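I have placed the structure first, in the form of structure tokens, so that the comments after it can refer back to it.
The values are calculated or read from the model by the stated rules, or taken from the named source; none is laboratory data. Every value quoted in this text rests on a predicted model; they were computed, and no experiment measured them. Here the Cβ positions follow ideal geometry from the backbone for every residue, glycine too, while neighbour counts run over all protein chains shown.
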Amino acid sequence: MAREGFGSRFGAIMALAGSAVGLGNIWKFPYEAGSNGGGAFMLVYLFFVFVIGIPVMLSEFVIGRRGQRNPFGSFKTLTPGTRWFWFGGLSIFAAAIILSYYGTVAGWTLEYVAYAIGDTFHGRSSEDIGLLFSDFVSNSYKPLLWQVGFMVLCGIIIMSGVKNGIERCVKTMMPALFVLILLLDIRACTLDGAAEGLKFLFVPDFSKLTFNSVLNALGQSFFSLSLGMGALMTYASYISRNENLTSISVRVVVADTFVSILAGMAILPAVFAFGVDPSAGPNLVYITLPQVFDAMPLGYVWGIVFFVLLTFAALTSAISLLEVCVAYLTEELKFKRLSATALSTGVIAALGVLCTLSFGPMRDFTIFGRTFFDAFDALSSNIVLPVGGIFICLFVGWKMKTMSVYSELSSGGRYPMGMFRIFMFIVKYVAPAAILLILLGAIGIFK
Ligand code: TRP
């Protein structure tokens with residue numbers, strides 16, 4: 001049976017960009033920039049994205065398209081008889097862990113769409129809006145319903161296949177997301193006092209840059225670009241053999257970075273214009289922004305626009321994680337797509353329940369001193385993704401035949417030799433060394 005793939009180049013780019021653009025860009029990036037010194041953080045972030053992000057992404061593309069399978073199967077096909085497929089196994093595990101806590105936050109977003117539509121923020125004091133959030137996330141069943149509902153939504157899309165499910169969904173949601181975020185930017189940047197926020201985002205103040213913010217910038221670049229665990233590898237296996245992988249990766253990276261900056265430009269000017277603290281952390285979009293919307297002319301509409309946008313972003317990312325598990329089950333264990341989706345969705349939703357309840361009834365249940373949510377988050381961004389990134393680079397740089405890498409990058413044609421050398425140099429040495437540094441930093445070696 002022929003393997004299903006993306007139907008068009010546009011579809012492939014939208015799917016990859018859909019995976020990359022997510023809560024990481026709109027929820028995490030503005031608060032990371034907000035709490036790590038604004039412009040200086042952004043410069044370091046941009047450096048990592050372009051110097052390390054693109055080569056690591058290309059490496060994932062090379063493995064996935066050459067292997068023509070899910071991560072587990074691709075490693076098995078490319079290096080038969082070795083144990084590299086264990087790394088592919090790690091991908092499936094990582095996808096489940098990331099998606100289980102991602103679903104928690106995505107579920108909150110759905111509740112906030114409902115709040116926005118019901119005009120719930122209207123006329124509340126900032127304290128009240130804070131309480132609204134903390135009461136909601138600690139409730140014992142409401143966040144669960146939304147989280148499980150979100151997972152079911154992902155399941156329905158994935159069940160419908162690569163073309164009819166993933167591609168169809170991203171082709172409508174991603175362009176809509178772009179339009180919505182541009183609308184928000186226009187609104188935010190024309191507020192009185194917006195300039196302060198833009199200055200914060202774009203004018204670097206290096207005195208605020210600590211070693212830790214550099215590590216955060218590298219971690220954020222991996223998370224935001226969906227790197228390090230085989231999600232893009234899986235999608236790359238659906239890209240047609242004739243497409244130029246380099247040009248696709250540059251487009252995806254630029255789109256992802258652009259959305260992060262646009263999100264910063266929508267959120268920070270509003271935050272400054274209304275005099276709230278930009279380093280509010282993870283609460284920024286759920287507590288700070290509703291206050292801002294309430295104080296804005298036509299804030300009712302902007303609130304809805306924002307949370308719908310956040311939902312689209314979360315959904316197109318979440319399905320890329322679910323697809324990793326489903327591709328594994330169908331290709332390696334010969335499940336039908338329907339049962340593979342049902343099983344993956346069920347297991348991940350169940351794990352996600354632990355994360356969702358971390359803010360309420362299971363708040364005191366900790367592993368290594370962290371709640372399930374925090375443990376899953378820290379384990380994946382600080383450990384699994386960087387380790388995965390190192391393995392991916394080492395595999396392409398040292399294990400694959402140079403000719404196979406060349407032939408994949410050139411799609412069977414020609415590839416500029418200078419560029420190929422730079423790529424190989426980065427994946428052999430620069431990226432693994434730099435990533436090892438974040439990893440050591442994350443474990444606290446440099447503290
Ligand atoms: N990149 C997505 C975001 O920014 C999240 C995501 C999707 C992800 N797939 C991933 C993160 C794979 C790491 C690995 O929200």
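Of all the helices (runs of 4 or more DSSP H) wholly in segment 354-447, which have at least 3 residues that are free of Cβ contacts under 8 Å to residues at least 60 places away in the same chain, at positive phi and under 22 Å from the mean Cα position of the chain (by Cα)? Break it down into steps so the answer makes sense when it comes.
On the way: elements: 372-378, 385-394, 402-409, 417-425, 431-443.
Per the criteria, no element qualifies.
How many residues are surrounded by 13 or more Cβ atoms within 10 Å (Cβ to Cβ) and among the small types (Gly, Ala, Ser) when one looks only at segment 115-127?
Looking only at that region, the number is 2.
For Gly369, are the conditions met, namely being in contact with a Ser or Thr (Cβ under 9 Å, 6 or more places away or on another chain) and small (Gly, Ala, Ser)? Write out each step before concluding.
Details: in contact with a Ser or Thr (Cβ under 9 Å, 6 or more places away or on another chain): no; small (Gly, Ala, Ser): yes.
It is false that Gly369 is in contact with a Ser or Thr (Cβ under 9 Å, 6 or more places away or on another chain) and small (Gly, Ala, Ser).
Does Val152 count as modelled with pLDDT of 95 or more and either more than 26 Å from Ala255 (Cα to Cα) or among the small types (Gly, Ala, Ser) (or both)?
Working: modelled with pLDDT of 95 or more: yes; either more than 26 Å from Ala255 (Cα to Cα) or among the small types (Gly, Ala, Ser) (or both): yes.
Answer is yes for this residue.
Can you give me the ranges of the helices (runs of 4 or more DSSP H) entirely in segment 133-225 with at least 2 residues that are within 16 Å of the ligand (Cβ to nearest atom)?
Working: elements: 142-159, 168-189, 194-202, 211-224.
Helices (runs of 4 or more DSSP H) meeting the threshold: 142-159, 168-189, 211-224.
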